[in-house]
1. Would you mind checking LYS78/LYS165; LYS129/LYS165; LYS129/LYS151 for any pair whose Cα atoms are more than 26 angstrom apart?
2. One quarter of the convex hull surface, Cα atoms only: what value does that give for region 101-175 in nm²?
Amino acid sequence: MPINNMNLTNFRVRGSRRFHSPVERLYHAYKRPHMIIARCNRCEHHISFRPNEILGMVFDEQSGGYTLLKGDICGAIKGRGACTNCGYITNLIHWPQAAYIQVTVPGGMVWAWSQDLLSALRARIGGDKVQLRRMLLGNPDLARFVNRIPKAALLTKNRARLLYKLKEFERELSK
Ligand SMILES: [Zn+2]
């Protein structure tokens with residue numbers, strides 16, 4: 001038993017040394033929110049979709065440490081969601097096509113996983129720096145999302161349409 005415990009400790013130390021900074025470690029973490037707002041296939045109402053946990057780390061036999069998995073967080077997402085409007089049940093969605101919060105602008109599609117990300121998106125696009133800083137404080141997941149907002153979303157010519165649409169989503173979701 002003591003030997004096993006010692007080995008485990010070694011693995012952990014070696015694993016964490018592979019990252020030079022905690023920021024780098026966070027940036028590569030393969031992660032989705034625990035709750036996603038999707039659009040119902042049948043009635044277009046919003047659905048709270050709970051994605052299955054995805055494996056974030058894998059044991060690396062060669063180094064004896066754990067490696068964080070990097071990956072595309074979009075694509076097919078398994079999980080479970082039920083529409084409160086029509087009763088439709090879904091176990092698989094395709095992201096970002098299934099995003100309830102989505103706006104197409106010249107140059108791309110802008111989307112958000114959920115309501116708190118929607119608020120951050122609005123603050124970022126609207127240039128509300130004070131509000132944004134308050135939201136991002138101690139929330140690395142939100143910061144990561146905001147840092148990856150597509151360029152098309154930040155173009156001045158797209159701003160008015162985006163802000164208008166995002167506000168509409170916020171209103172519908174808070175009903
Ligand atoms: Zn529905």
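The numbers here are math on the coordinates, done by the rules we state, and not lab data. Worth saying up front: this structure is predicted, and the values here are computed from it rather than measured.
1. Numbers: LYS78/LYS165 28 Å; LYS129/LYS165 20 Å; LYS129/LYS151 18 Å.
Flagged as over cut-off: LYS78/LYS165.
2. On the way: hull surface 18.3 nm².
Reported value for the Cα convex hull: 4.6 nm².
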